[in-house]
Amino acid sequence: MLGREYNPPLFPGWRSPETEQNRNDCGENLDTANAGQRLKVMVDDILNSIPGVTVIISTLAKSRDHQSCASNISQQFRDLVNSYGDKRVGLADFDAVMTSDMLVSDGIHPNVSCNPF
């Protein structure tokens, strides 16, 4: 899992934790069975450290070579979001809306139709 913190210059003291748990975990078989639990530790830390914060978790995008693993991790993330109940934790479900034809030739990264900007 990768992580970084961004501090925009116009809003001193404001921070936006940005992390990515990605299909590389599937390709390298990096503790994929516990992906949801690993993310939960970080989300709990964010919720406990930043009053009023909203956390958005996204599922993994489609993957031609590792779709079974990506689907499994995505389900763990859905279950994690549901476990927070009325806390400010939301889901962006890329897995539900993407199709494999939205990927470039590497079978992992989205093509321009997914991001027209």
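The values are calculated or read from the model by the stated rules, or taken from the named source; none is laboratory data. Keep in mind it's a predicted model, so treat the numbers as computed, not measured. Glycine also receives a Cβ, built like all others from the backbone with ideal geometry; neighbour counts cover every protein chain displayed.
Data for the structure
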quantity: Failed criterion for Cys69 (all others in (1) modelled with pLDDT under 90; (2) buried (at least 16 other Cβ atoms within 10 Å of the Cβ); (3) touching a Lys or Arg at 6+ places or on another chain (Cβ under 9 Å) hold); calculated: (1)
quantity: Among the residues listed as Asp79, Asp45, the single one being over 16 Å from Asp25 (Cβ atoms), without any contact (Cβ under 8 Å) to a residue 40 or more places away in the chain, surrounded by fewer than 17 Cβ atoms within 10 Å (Cβ to Cβ) and charged (D, E, K, R); calculated: Asp45
quantity: Lys62 vs. criteria more than 22 Å from Asp25 (Cα to Cα) and either assigned to a strand (DSSP E or B) or of a type in the set (D, E, K, R) (or both); calculated: no
quantity: Within region 72-117, tally of residues that are part of a loop (DSSP other than H, G, I, E, B), modelled with pLDDT of 85 or more and of a type in the set (Phe, Trp, Tyr); calculated: 1
